[in-house]
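A.B. asks: My questions will all concern the structure given below.
The values are calculated or read from the model by the stated rules, or taken from the named source; none is laboratory data. In this text, all values refer to a predicted model and were calculated from it rather than measured experimentally. Note that we place each Cβ from the backbone using ideal geometry, even for glycine, and neighbour counts take in every protein chain shown.
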Amino acid sequence: MSTSKMLQIGMIGTGSISDLHMRCYAKNEHAVIYAICDLNEQRATAAAEKYSAQSVYTDYREMLNDPHVDAVSICTWNNTHAEFAIAALEAGKHVLLEKPVATNVQDAMRIEEAVEQSGCTLLVGFVRRYDNNMQMLRSFIDAGEFGELYYAKASILRRLGNPGGWFADKNRSGGGPLIDLGVHIIDQCWYLMGRPKPVSVSGNTYRKLGNRAHIKHLSFYKAADYSSAVNNVEDMANALIRFENGASLAVDVSFTLHARGEESSVRLYGERGGVELEPKTLIVTEKHNTILNIEPQTDDKGLDIHGAFQNQIDHFVDCCLNGTKPISPIADGVASTRMLCGVYESAAKGQEIRLD
């Protein structure tokens with residue numbers, strides 16, 4: 001580890017999500033982007049110039065051998081997460097690992113073992129946990145404001161939103177909207193529900209529409225390596241997850257769907273009240289025999305993804321420099337992977353899958 005109070009960061013991968021990481025590191029007074037690594041040297045060099053990084057690599061192993069690098073952000077294809085994270089931990093580097101931690105449970109557990117053996121910090125990129133409104137509502141929940149949260153329902157439905165490229169290549173991504181979008185809203189609900197032990201899942205996946213490259217007059221986000229010829233992931237998925245304490249979570253997500261428009265909602269229901277996080281933050285409660293809808297007075301009416309990323313990066317830097325316990329540890333990444341893989345297995349077999 002560097003003896004400087006500045007945490008020196010190595011970026012592995014310079015895809016679109018990486019720029020959010022780098023912008024936030026650049027705003028943190030205790031961190032500096034020291035090195036950039038990408039298979040595409042031109043793209044790595046461009047990022048290094050933009051953020052004044054001193055070193056550029058095309059081989060992540062070489063970067064991990066650099067003693068100046070204290071910590072890394074891993075922003076690469078999902079199927080590389082385990083390899084890169086384990087190598088970084090074995091090299092004594094702290095790790096911020098983008099979600100999902102892995103495409104299978106075995107790899108997720110291997111990462112967990114490497115964290116334990118290395119003694120380094122690993123923070124999973126469950127960025128929505130770091131949203132200011134999420135943390136505000138968590139404080140209400142921890143204070144018992146809503147009683148037991150026994151049911152949650154969450155959706156992210158895109159009618160035209162398959163990014164193509166590696167997102168649509170199951171070998172690299174591990175799946176489609178479930179593993180890309182569902183991972184976020186499942187984690188949001190599970191985190192706020194107190195992280196109860198998942199015991200079973202029942203799910204469905206559908207591959208009916210493709211990436212809809214023929215649609216005209218509407219633009220949408222495309223991966224850097226977009227190609228309409230590559231698409232073997234699901235269009236849509238839904239699932240019911242049951243927990244040991246009797247609570248349950250229903251979720252549905254899509255890249256492509258014949259829907260009227262985009263939809264995003266996260267809602268939790270408890271004995272004494274309920275919570276809505278999206279499309280805007282709302283608290284439902286009862287006072288004096290009256291049901292009340294309460295809109296908290298905050299700067300952000302709903303999810304502030306840029307603010308959440310900054311909070312996540314700031315927290316990671318604090319964990320690395322001061323030994324603070326991560327809000328999103330690897331154990332939660334393993335549990336998340338169990339749920340995601342359980343849904344895919346349930347869909348493939350057409351039956352409920354036990355997780356315990």
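A.B. asks: So in region 165-219, with the set limited to residues that are of a type in the set (S, T, N, Q) and either more than 19 Å from residue 348 (Cβ to Cβ) or outside any helix (DSSP H, G or I) (or both), which one is nearest to the chain's Cα centre (by Cα)?
C.D. replies: Per the stated criteria, the residue is 188.
A.B. asks: If you don't mind, another one. List the strands (runs of 3 or more DSSP E) that sit entirely inside region 266-340 and contain at least 1 residues that are in contact (Cβ under 8 Å) with a residue 40 or more places away in the chain.
C.D. replies: 273-278, 282-287
A.B. asks: Could I ask something else about it? Looking at 175, 161 in this structure, which one is on the phi > 0 side of the Ramachandran plot and either at pLDDT 95 or above or not acidic (Asp, Glu) (or both)?
C.D. replies: 175
A.B. asks: Name, by its number, the condition in (1) without any contact (Cβ under 8 Å) to a residue 24 or more places away in the chain; (2) within 30 Å of residue 148 (Cα to Cα) that does not hold for residue 219.
C.D. replies: So the condition that residue 219 fails would be (2).
A.B. asks: Only residues that are more than 22 Å from the chain's Cα centre (by Cα), modelled with pLDDT of 95 or more and either in a strand (DSSP E or B) or of a type in the set (Gly, Ala, Ser) (or both): list them for region 229-258, please.
C.D. replies: Within region 229-258, 246, 247 meet the criteria.
A.B. asks: Quickly run through region 297-324 and pick out the residues that are in contact with a Ser or Thr (Cβ under 9 Å, 6 or more places away or on another chain) and modelled with pLDDT of 95 or more.
C.D. replies: Scanning region 297-324 gives 312, 313, 315, 316, 318, 319, 320, 323, 324.
A.B. asks: Still on this model: Residue by residue through region 274-310, note down the ones that are closer than 15 Å to residue 154 by Cβ and crowded, with 16+ Cβ neighbours inside 10 Å.
C.D. replies: Hits for region 274-310 are 274, 275, 276, 277, 278, 281, 282, 302, 303.
A.B. asks: Select from region 138-157 the residues that are in contact with a Phe, Trp or Tyr (Cβ under 9 Å, 6 or more places away or on another chain) and over 24 Å from residue 345 (Cβ atoms) and list them in ascending order.
C.D. replies: Matches in region 138-157: 138, 140, 146, 149, 150.
A.B. asks: Also, I was wondering about something else. State all residues of region 260-296 that are aliphatic (A, V, I, L, M) and at pLDDT below 95; if no residue qualifies, say none.
C.D. replies: Correct list: 277 only.
A.B. asks: Within region 111-144, can you find the residues that are in a helix (DSSP H, G or I), more than 19 Å from the chain's Cα centre (by Cα), touching a residue at least 24 places away in the same chain (Cβ under 8 Å) and farther than 26 Å from residue 275 by Cα?
C.D. replies: Hits for region 111-144 are 114, 117, 118.
A.B. asks: Here's something else I'd like to know. Tally up the residues in region 240-273 that are crowded, with 19+ Cβ neighbours inside 10 Å and under 11 Å from residue 152 (Cα atoms), please.
C.D. replies: Selection size over region 240-273: 7.
This table checks each residue for (1) closer than 27 Å to residue 112 by Cα; (2) under 21 Å from the mean Cα position of the chain (by Cα); (3) not assigned by TED's automatic domain parsing to the domain that holds residue 104.
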site: 11; (1), (2), (3): yes, yes, no
site: 45; (1), (2), (3): no, no, no
site: 48; (1), (2), (3): no, no, no
site: 58; (1), (2), (3): yes, no, no
site: 65; (1), (2), (3): yes, no, no
site: 72; (1), (2), (3): yes, yes, no
site: 76; (1), (2), (3): yes, yes, no
site: 81; (1), (2), (3): yes, yes, no
